[in-house]
Structures are given as structure tokens and as C-alpha cells.
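To start, the structure itself, in C-alpha cells.
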Amino acid sequence: MSVIEDSRKAMQGFFAPELRARFQGPWGFLQMNSYTYSGQHMFGHYAATPEVGARWIEFDEASTEKDPMQFVRQVDHFSDCILRDRTPDTPGEDGLADMRAVEAVYKAAGVRL
């Protein structure tokens, strides 16, 4: 996998709205436009199986929320789990696995960590 494009533009400590990234691999691509807190849009396609001539599966998803509240929802859910002595839907092991995947993407792109 390679990072084809990453158009980060710093503006007063925040990323500009045109922030986007495109990841390309031998079996498809993923592009995410505006991965800030508004106007999130992700699209791409991938091979149904890792074989030459495999059919493509396409996706195109856009967030309709003007100000996504995922962090607030996560904290509310976690707090509720503590109060009710329940296991969170997304345990810490999932977050660790996510961070390892992000680290692998950086390493594959040649970024030294």
C-alpha cells in the first residue's frame, strides 16, 4: 500500500477543509476527503478477492453530520458502562489494534516513527 496523496495544510494550528488522503494498493484504493470534523467523505473500490479479474466492490459514504460527535458518544458510552458495570462495546484492545494498524501504514509509507 502506498500513500498517493496527503494534502495537509496547516492553518492556525488546524487542518484546512481541503484535507484529503488517498491510499492505493494492488487490489483497490481508498480516498477520504475532509477527514476533519465536518464534511467527511470516503470512497473507493476494492477487489472482492485478491485475484486478477476479480469483480470490484465500490463504496461511497458521506457523513451527514455537521459536527460529528463520536468522541462525546464514546465518553458517554464508557461512563455509562462504568456506572452499570458493563463491558464497553469498544474495549481498549480494539484501540490498541487500531494504533498498530496506523503505525503499519506510516511505516509502509516510509515515515520513521
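Nothing in this text is a laboratory measurement; each read-out follows from the coordinates by a stated rule. Remember, it's a predicted structure, so these values are computed and weren't measured experimentally. Glycine also receives a Cβ, built like all others from the backbone with ideal geometry; neighbour counts cover every protein chain displayed.
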### Query
Taking R0 as 22 Å, what's the FRET efficiency between VAL102 and TRP56 from their Cβ-Cβ distance, rounded to 0.05?
0.30
### Query
In terms of modelled amide H atoms, which long-range or inter-chain residues lie less than 5 Å from the amide H of TRP27?
none
### Query
How are the Cα pair distances of region 62-113 distributed, in percent, across 10 Å bins from 0?
21, 30, 33, 15, 1
